[in-house]
Structure formats: structure tokens, C-alpha cells
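Undergrad: Right, I'll just put the structure down here and ask away after.
The values are calculated or read from the model by the stated rules, or taken from the named source; none is laboratory data. From a predicted model like this one, the values you see are computed outputs, not experimental measurements. Cβ: placed from backbone, ideal geometry, glycine included. Neighbour counts: every protein chain shown. The area values use the complete protein model at the heavy-atom level, side chains included, leaving out ligands, DNA and RNA. Shrake-Rupley method; radii C 1.70, N 1.55, O 1.52, S 1.80 Å.
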Amino acid sequence: MASLADVYKDKERTNWLKAWLAIDIAKSGLEHLADNEAQNFHRLIYSHVGSSCTSCTTANVQHKKPCPRKICDQVYQKIINEHRYNSLSWKNTSAQLWQTNYWEIAKCYFPPDGYAATSSIRDTDFNGVISFMLNCKRFDSSMSFPITTGKPTTRTSACLLYKAREIGKAVRHSSVMKVTDVELLDYFTTLSNLLNDSCYLIGDSDAQKAVKELEELKKDTLLLTTAEMICLLEAVDATLKKRLKDVVDTSLNELRDNTALCIDEIKDYIDTWNQSTETSYKKSCEDKLPKDVQQLDEKATTLFYKALKHGKEQVNNIRLMVVGMFGVGKTSLVNNLIWEFRNKTHTKQPLSTEGIDIHRCKLMTDGDWCLDTELIRVKFGDRIEKVVSKNTVTATEDHETFKERIALHKGDEILQHGIKVAKRKLETTSLDESTNEITTSLDESTNEITVSVWDFAGQTLYYSTHQFFLNERSIYVVVMDMTRSLKDIVSKSDGIGIWCGLVDSCTYLDIFKFWLNAIHMNSDYQSGERTIKPNVILVGTRKDKMKGSAEEKEENMNLYFDNALCSFDKHSPIFNHIYKNRFLVNNLCPEDSAFAELRKEIISLATKQDYWDEEYPVRWIHMEQTLDKMRDKKRQIVKMKDVEKEDLENLHPLGIEELTLFLELQHKQGNIIFFNSGALKDFVVLAPQWIIEAFKCFIPHNQKIEATVLKDWEEYKQYAILKPNVLDEVMKNSPPYIHEYRSAVINYMEYLNVIAKPLTSEEGITGIPLDFHIVPCLLSRAPPPLHIFTSPPDKPQTPVLAFVFCGKFLPPSFFHRLVAVCIRAWPICQERGQYCLFNGLAIFTLNDTYTLRIWYMDYIIYARIVCCSENEQLDNFIWLFQEVRRKLKKSLKDFFYQSSSVFEECIQCPDMKVSLHNEGLFIVKKFKYTNAIACRVCNPHAVTRSNAMKHWFKEKLDRIETDDD
């Protein structure tokens, strides 16, 4: 016989051993109660469900796969009903053993994992037993005290079971394996009080035996047999070995890392020249590495560096986006900025732009802009000379091969102009006798400035598609007519329509704010990683129609824009985009000096942007020229295989991987449209306006429709149902460059969520796409009142989930795109004899009893799940609610292509009977730091973290409460 005092000379380490043994003794005292309760619960369950089933797995039951004998579903539900927090530990249990082993059901109440191999209370540790008693509500009647329902607070003290669990944690996880005398005394008191509980344990012989042993251990009179001492030390040894294993594993990992490092250093030494060259080159390029390249994966970045080694040039391309309302003079302004238009078309009123007109210009030495079609030799000639001169080869035959490749391009006037000097160099260059290499070198290309002027159509019809072209690599000119009041209503004759997403009575101020908000939202400044630099110039037109002197007109123009900007919040980031200098122009006077000043300011503003002077491979010049040649042939969209073929015929072919990288970066810069995924990777859109032309085809206007299709056409206009025969008519009425690429048009419209095929909803065949499309932006508005759809009375329903967009701005087209995503995911719901799919509201069927309702107002998208069965328990489908939320959130984030979120997730007060717009909303992130938030909208009360998060954010709620514990 021995006591613990014989093990360690260190008093506090002996205390730690005593605490360890005290926990083991306490566990033995609780075993009888816990084991009996587990057996009783098991008998009660199977007396109710009757028969048994051993075929269902835990995963089947957890994910609602029906039990063939309708047994396991009931058992599953009864287990859930008895859990205090509804966060069961399914990883620990096997549903196939529920009927034969009662302890498998008990394990559902254990900690999240680590107990899958335990089969009885004997091989379950103290933490498992105490968690079973804390989490299972059946122990409420076995204790004289209320069992703590969560972490203790200043108002609610910890119960004895909770304190006992904390003792176990403290002892098991002690890093120094020491316990003070004060701590040990508290441990003994807590465990003894628990085992002496007056309700049940006071009369349990096992519990009272444990109390006696604890008292002896406390007085150090408890004598242990050799077997007991060995058992205790083995348990301690297991803990120490685990810690030792962790230390050894860490040391081995460090050793492996160091060994690998040595091997890498040896390899680096062997390949010193090549690696050092690559490293120094990368270092020299790091400062100029384009942001678009930085966002690519390592493989693409390495490919970019490799391409730069063949020569680089500073690329200074300006994307000038001219935006504003229909009829304010944008196209006239563009004509006065470009030399050719200014000298040819200023005498007549220009036609309004349809979609987007793009003009590529070259900056001349006098500051004027000339179309690059007139200067194409200048644009490419000098650049091509640079890349041809880079022909660095290592053998005469390679030299000859290169000369032969040049000869193949004799018909290319621009290329021949560029290679004249280079060809002479190739013919006169001699080989270095010592190195057998050609000694020609490549200077870095001079940086030439080009301007791409994008003239956006002002009709609101096109606003939903303009979102695809706005980005942070642009300078914007926002044009307003100084003769129109900010309060003037935009009439339908100005192009307003429900598909634009703006309210029917929108004003000129609304249009102004729409554009500035859209510019900011698509600038990717939300993350705060970069400082917003001014990139928006405000221009007023109709100077000739204004009253007063030149100074008064200028003053009125500034007052006009000041009033418009003051409509934004005081701390709005929009202000950071606005350039200080504004311009007032008379488009009927091309000689107006304001146009020259405006061109100068646009260039000056562009040179201050982060993307200015970025370096790109010189060898990509040929591919740029190839795409321009295709555009010159009026080709707006081409097949990828044709682009690959053209690449092979270039002087310096890029190959598939580098060509794909080139196209992806051209896409990011807005020069082309190229999606490297699915069927869309087979096409390259050379003219971005092609997308708008394709979109226009789906908007009902004055098309000539066959009589046999008229009824379906009327249905399309009324309900946005695009049947195959209607689609045929749409394509038939479209230009050749659209209908010849019919499949590509459909693929692009589906990819951009402009159209979507709905799913079947008939019993037995759900989830199969139907043979027609829905066009969400053409849907009609929902009949009032809205709350009968969003807050149906007397139905179980979740609190409202809200996505509140930053800056109080939401392009309505984003909601239309979200509806398209949902149409493809879930069948459209029918209520009151009609399909519930409207402009601004949609309802979808999730399963036999649950429906998802989404709607939007202003800058908030709302979602709620409603059950049609009045007796249904929402808690049974929390997994479904979370799945839906993740789907909605991911879709909205995917629409933005940004590095940070542009919306906040909020929960509306669960006590609000009828959802009110922008009332009673609580930011979910705030519940991480507080357990309750006051609601001032309903009768003043506190909204608890659990009530707010338990449906839509159950997993996040569990993590927060676990961290609190």
C-alpha cells in the first residue's frame, strides 16, 4: 500500500496527482446514475417506436434520408428533443448500434468528437460522463439544482455539474502539472458537494463510497493498492506521452524542414546562375507587378515572369468611361474630344449611343487624341521593332529559322515596318566566337499612351449590363445637363423601364447617384487596403442654353454639382473619387478651350493611378495586333480555336498556357470578354458591346413576330417566360453577329444570370430543368400588399435574414441575378393559384413543407423561410436554413469579383410579426461580443444571441458559445 505523497517530493505536483485521482473517484461515484439513466432513456425510446432498424447510418438520419422502417427518424427526433442545446455530437455515435447498445445514444450528448470507439460507461472518461449529464435534459429530475443552460453570468451562477467539468479541463490541460493547495481544496469541496446532492446521489451507495474516498484522499489517508497506483500512473503517463509526442513531432518537423531547406540550398547552389538571374529579375519587377497579375495563382504568376524575361514595356492605357443620363450630350462630348470626330461630325446632331461605343485613340504630341485606326503603324511599329530585335538564339540554324518566320509575314505592312531595322540587325550580326551567341540586346520599350473612350448609352434599359464593364482601372466622366433640375422626373420617353431596376419616378439626381455609387461599388476599394484616388470628373453640358455671364454659368454649374454631392452621407467614400476640377462645355462649339483642358486633366489624373506604368511582356504585342486585325474585319466574337491558330502564325507564338493568361488579363482590363470556364472558354468576345447587343435582343420592342408565336410572345412580355419558339424569334430578329452565335449567346446570358431555366416541381420528378427560360429583369411587380408574401400569418417562419449593402446602394440587377441563381436551384412556388415570381420578390419550394422567400427594397435584400405546416418544429431543419444562407451569400459575393464583402449580414428582430423595411435589424457580427441587444422597434425588449442566430447561423452560434466556454 502507498499514498500519493510517496510519488513526488514537489507538493504542488503531488496536488496535481491528487486532483487527477479525485476526478477518477468522482467519475466512479456518478457512473451508477449516468448508466441507469442511459438505459432508462433507451428503453423509453424503443417502447414508443416499437420495432428496430440496423440499416440506417448516422449520416442518413442526420441528413433526413427517410428510414425504410420509419424507426430511426423517430429515434433521431427523440434524441434531439432531450438535448439542452440542440448541438448533438453525431460523430461519436453509430445509428446502426442504437437499438442494441444504449450507450451509443448516450454518446450523442458527449463532447463533439473523440468518443466513437467507447462502448460503455467503463471506458468513458470523466469529461464524457459529466457532459452527458450536463447536456441531457433527463438529468433535470435527478439534481436538486437547476442545471446551467450555458456559460454562467453575473446573474446566473454555475451549477455543480458545470464546475465539475471545469475542474476536469483544468487538470487535464495543465501545462505545468501543478495544483495549489487552495485550488485543490476547492476541487474537493465541489466534487463532494456534487456527490452529496440531496435529490438522488445522497442515497446512491456508489456516490457515497466516492465521497468517503475523496475525504481520505483529502487527508492523505487514502491508501492505494499497487494495481490502483499503476492504473493512476498509467493515466498520467498517457498524458505525459501525448505531450512528449507533441514535442517530438514538433522537433521532427523542424528537422525535416531544416533537411529540406538544406536540400533546396544544395539545389540552388547547383543551379546558381539560373536561379540568381530569375530571383534578381523577379525582384526588379516586383514593384511594377500589375495588380491583376498579383491576384492570379503561383503558376500564372511564374508564367508572367517568364514572359517578361523576353522583354517588357510600360503599358499606359487609359480607359475613359463617359456615363450619364440619356440625351445629356455624352456622344457630342466624345466627338469633341477626338480629332477625327471633331472635324467631321460637329455640324450635325449625333445619334444617341445604343449600348456602348468604344473608340481607341492615340495621344499625340500636341495633346490631341486621334483614332488608332489612323495611326495603327505608329501604334505597333516601334513596339514590334523592339520584340523582333530581341531574337536571341544560340545557333546559326535558329538564326536562319527566325529569318524564315519573318519572311512568312511579308504581306503584313505594319509588321514589315516594324522589322526593317531589326532585319538589318539580324543580317549583320556576327556570332561571338567565345560564346557562340548573338550579342543583340533589347531595350525596354518606350511607354506610349493610348486612350480607350467608352461612350455608355444613357437609356436606363442598359444599366443592368453596364455593371459588367466598370472597374478600378478607369477614369470616369459623369455628364449632367445643366438645364435640367436635379428634381426633374425622368420620363418614360427618356428610356425608363422596369427592367432598369430604378423606381418608375426616378429623378435626375437618382441617375447621378446611381452612377457614382456604381463606380465606387465596382472599384474594389471596400477592403480599405488601398487609398481611394480621384478618378471621376464631373462635366456639365448645355453651357450655351444657360443664362447669365460666363462667370455666373460657372458658379451655377458648381452649385449644381455641390447640391448633388451633398445628397450623399457626410462620410461617404464617394467624395474621395471626385476630382476637384469640374468642366462646363458647349458641345456645339468644338473650339471651346474646355475640351483641350479636359483631355489634359484626364491624362494627368490617369498618371496618378496605381496601375500607371505597369509592365507587361513585349512579346504580347503580336497578340494585341492579332485581336485588332480581327476587330478590323468587324468580328465581335471569335472561337478560341481561331485565336490559337492566329497565335501559331505570329512571329513569337505564345502557346496555349501563355495565350490563356494573356486573354485573362485582357479581360480584367476590360478590353475583351473571356471566361476560362465551361463552354465559354471556347469563345473570345473581342467587342465588349457585343454582350449588350445580345442582351438587347431579349428586351421586347418592335420585333416582327410570326403569327403562330404571338400568344407565347405576349406571355413572354407579361410573365418573362422565354419558350424555345420565342427564343427562335428573338434570334431571328437579331443581327447576324448575334444569331450566328446562338449557343454562345445563351451560354453568356445564363452565365451572367440574365436568363435561367426553372426546375420541375411535380411529385417524383423534382430538380429537372424545364425546356424554357425565365428572364428575371422582365418580371412584373408583385401585387400589394407585400407582407402577405413576406410575413404570412400563423405559419412557423424564421426571422428575416437581411443583406444590407454598404454605401446604401444596391444595383437592382443584382437582385435579378440572385433570382436567376435561385430559379436554377429550387422550383418556383405556387400560392393562391399563381407562380410567385415577381420583379422584387420571389418564392421557391425547398421541400414538401418549406418555402424560401426573397425580396428587396432600396439597398437591402431580405430572405425568410416559411413552413406551411403549423405544427412543424423549425429546429428540425436548421441544416437546411444554413445551406440556403450559404447559397445566397456566396452568389452575392460572386457577383462583385471583389476582395472584400460589400454587404453586412443582419437579422431582423424575431419578435416582429410583420417584416418592416429597414427596421429592427441587428448586425450578426455584433453578437460575437454580446449576448443580447436591445430592440427599440417592437415593445422594448432584448434580442438574445441564441434567438437571433439559432436558425440562420447555428454553426457560428455554436462556435461563439464554445469560445465563451
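Undergrad: Please give the FRET efficiency for Gln295 paired with Trp879, using the beta carbon to beta carbon distance and R0 = 41 Å, rounded to the nearest 0.05.
TA: On the way: r = 34 Å, r/R0 = 0.83.
Working from the Cβ atoms, E equals 0.75.
Undergrad: Quick one: Debye curve from the alpha-carbon atoms of the range 893-965 only, equal weights, vacuum; give me log10 I(q)/I(0) at q = 0.12, 0.23, 0.25 Å⁻¹ to two decimals.
TA: Listed by q, the Debye log ratios stand at -0.38, -1.04, -1.13.
Undergrad: Something else: For the range 784-846, report the translational diffusion coefficient in µm²/s to the nearest whole number, using Stokes-Einstein at 25 °C, 0.890 mPa s, and a Kirkwood Rh over Cα pairs.
TA: Working: Rh = 13.4 Å.
Once the numbers are plugged in, D ends up at 183 µm²/s.
Undergrad: From the C-alpha coordinates alone, can you work out the Kirkwood hydrodynamic radius of the range 698-751, in Å? Please list the in-between numbers first.
TA: Numbers: mean 1/r = 0.0864 Å⁻¹.
Its Kirkwood hydrodynamic radius stands at 11.6 Å.
Undergrad: May I ask you to evaluate 6.51 cos²θ - 1.76 cosθ + 1.60, the Karplus curve with θ = phi - 60°, for each residue of the range 734-751 and list the ³J(HN,Hα) values in order in whole Hz, giving x for glycine and proline?
TA: After applying 6.51 cos²θ - 1.76 cosθ + 1.60, I find 8, x, x, 5, 9, 5, 5, 10, 3, 5, 5, 4, 4, 4, 5, 5, 6, 4 Hz.
Undergrad: So, one more: What is the set of long-range amide H partners of Asn918 at a cut-off below 5 Å, with H atoms built 1.01 Å from backbone N?
TA: Answer set, sorted by chain and number: none.
Undergrad: Quick one: Cα centre-to-centre distance for the range 909-955 and the range 669-705, in angstrom?
TA: Spelled out, the Cα-based centre of one part sits 43 Å from the other.
Undergrad: Okay, moving on. Would you work out the charge dipole size for the range 654-729 about its Cα centre, treating the Cβ of every Lys and Arg as +1 and the Cβ of every Asp and Glu as -1, and quote it to the nearest 20 debye? Mind showing how you got there, number by number?
TA: Working: 7 positive and 11 negative charges, 46 e Å.
Around 220 debye, computed over the range 654-729.
Undergrad: Would you mind checking the pairs Lys163/Lys795; Lys362/Lys893; Lys330/Lys513; Lys70/Lys107; Lys629/Lys757 and listing those with alpha carbons more than 29 angstrom apart?
TA: Numbers: Lys163/Lys795 41 Å; Lys362/Lys893 37 Å; Lys330/Lys513 17 Å; Lys70/Lys107 22 Å; Lys629/Lys757 37 Å.
As for pairs spanning more than 29 Å Cα to Cα, those are Lys163/Lys795; Lys362/Lys893; Lys629/Lys757.
Undergrad: Which residue, Phe126, Ser51, Leu17, has the largest displacement toward the positive end of the dipole of the range 15-136 when charges sit on each Cβ (Lys, Arg +1; Asp, Glu -1)?
TA: Value computed over the given set: Ser51.
Undergrad: Ordered by residue, what ³J(HN,Hα) values in Hz, to whole numbers, does the range 564-569 give under the Karplus form 6.51 cos²θ - 1.76 cosθ + 1.60, where θ = phi - 60° and Gly and Pro are x?
TA: Once rounded to whole Hz, the list reads 5, 5, 5, 6, 7, 4.
Undergrad: Which value, in Å² and to the nearest 10, is the accessible area of Phe145 when all protein chains are kept and the probe is 1.4 Å?
TA: Accessible surface of Phe145 is approximately 40 Å².
Undergrad: Expressed in nm², what is the orientationally averaged projection area of the convex hull enclosing the Cα positions of the range 803-936?
TA: Reported value for the Cα convex hull: 9.4 nm².
Undergrad: Accessible surface of Trp690 in the full protein assembly, 1.4 angstrom probe, to the nearest 10 Å²?
TA: For Trp690, the solvent-accessible surface is approximately 0 Å².
Undergrad: Just the Cα atoms of the range 615-695, one point each, no solvent: what log10 I(q)/I(0) does Debye give at q = 0.16 Å⁻¹?
TA: Log10 I(q)/I(0), no solvent term: -0.55.
Undergrad: Keeping all protein chains in position, work out how much accessible area His173 exposes to a 1.4 Å probe, and write it in Å² to the nearest 10.
TA: That residue has around 130 Å² of solvent-accessible surface.
Undergrad: What's the FRET efficiency of Ser593 with Ser485 using the Cβ-Cβ distance as r and R₀ = 35 Å, to the nearest 0.05? Don't skip to the answer; put the middle values down first.
TA: Values: r = 28 Å, r/R0 = 0.80.
My answer for the efficiency is 0.80.
Undergrad: Let me ask something additional. Can you tell me which of 949-956, 300-307 comes out highest on packing, and rank the rest after it, using the mean Cβ neighbours within 10 Å?
TA: Details: 949-956: 20.2, 300-307: 17.6.
Order by mean packing, descending: 949-956, 300-307.
Undergrad: Longer than 19 Å from Cα to Cα, which of Lys18/Lys209; Lys65/Lys956; Lys78/Lys137; Lys291/Lys570; Lys543/Lys608; Lys309/Lys668 are they? Say none if no pair is. Intermediate values should be presented prior to the final figure.
TA: Working: Lys18/Lys209 17 Å; Lys65/Lys956 25 Å; Lys78/Lys137 12 Å; Lys291/Lys570 31 Å; Lys543/Lys608 29 Å; Lys309/Lys668 22 Å.
Beyond 19 Å: Lys65/Lys956; Lys291/Lys570; Lys543/Lys608; Lys309/Lys668.
Undergrad: What ranking do 691-704, 113-126 get when scored by the average of other Cβ atoms within 10 Å per residue, highest first?
TA: Numbers: 691-704: 17.2, 113-126: 15.4.
In descending order of packing, they fall as 691-704, 113-126.
Undergrad: Going by average Cβ neighbours within 10 Å, how do the peptides 927-939, 881-893 rank, with the highest at the top? Present the calculation step by step, with values, prior to reporting the outcome.
TA: Details: 927-939: 13.5, 881-893: 17.0.
Answer by packing, highest mean first, reads 881-893, 927-939.
Undergrad: Working with all protein chains in place, sort Asp858, Asp875 by solvent-accessible area computed with a 1.4 Å probe, largest first. It would help to have the intermediate numbers written out before the result.
TA: Details: Asp858 100, Asp875 60 Å².
In descending accessible area the options line up as Asp858, Asp875.
Undergrad: Going from the alpha-carbon gyration tensor of the range 4-224, what semi-axes, largest first and in whole Å, does one get by taking the root of 5 times each eigenvalue? Working shown, then result.
TA: Numbers: eigenvalues 250, 59, 53 Å².
Ellipsoid half-lengths, sorted descending, are 35, 17, 16 Å.
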